[in-house]
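The values are calculated or read from the model by the stated rules, or taken from the named source; none is laboratory data. Here the structure is a predicted model, which means the values were calculated and not measured. Here the Cβ is made from the backbone with ideal geometry for all residues, glycine too, and neighbour counts use every protein chain on show. Surface areas here come from the heavy atoms of the whole protein model, side chains and all, with no ligands, DNA or RNA. Shrake-Rupley method; radii C 1.70, N 1.55, O 1.52, S 1.80 Å.
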Amino acid sequence: MPQEFSTSSLCVHVKMTHGEETMSQHLSDNAPLPQKIGVREFRRNLTAYLRQVRQGSTILVTSHDQVVAELRPPASSYRPRRQPGALRGRIRISEDFDEIPPDLLESMERDL
């Protein structure tokens, strides 16, 4: 099904494959449309295209006008990196932390 993209007075109709529709759903509204390049072009200039991806670009690699790969920066980690010392002063160890409770000690010393 053709989709319509408009930019001020310019209106472009694009027929998208299912894979392209799925990919376009991942793009935010303010993100530029991904650049499409052929496999040969990608292989010839691999380093330059990977540099563009590292800087935030999305690239669609095509073969015979069919998208075969999508290159984009990895998603941010859902888990923030650990910051040593972040809980300093918030954790306290009780005075009897390393003492074994008498009932536990007794059960360990009993004969089986």
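Has the stretch 79-89 got any residue that is modelled with pLDDT under 75 and either within 22 Å of the chain's Cα centre (by Cα) or open to solvent by 100 Å² or more (accessible area, probe 1.4 Å) (or both)? There is at least one residue in the stretch 79-89 that is modelled with pLDDT under 75 and either within 22 Å of the chain's Cα centre (by Cα) or open to solvent by 100 Å² or more (accessible area, probe 1.4 Å) (or both). The one condition from (1) of a type in the set (V, I, T); (2) surrounded by 10 or more Cβ atoms within 10 Å (Cβ to Cβ); (3) out of contact with any strand residue (DSSP E or B) (no Cβ under 8 Å at 6 or more places or on another chain); (4) at pLDDT 60 or above that T47 does not meet is (2). For P74, state whether it is open to solvent by 100 Å² or more (accessible area, probe 1.4 Å) and free of Cβ contacts under 8 Å to residues at least 24 places away in the same chain. Against the criterion (open to solvent by 100 Å² or more (accessible area, probe 1.4 Å) and free of Cβ contacts under 8 Å to residues at least 24 places away in the same chain), P74 qualifies. Taken together, the residues in the stretch 52-67 that are touching a residue at least 40 places away in the same chain (Cβ under 8 Å) and open to solvent by 40 Å² or more (accessible area, probe 1.4 Å) amount to 2.
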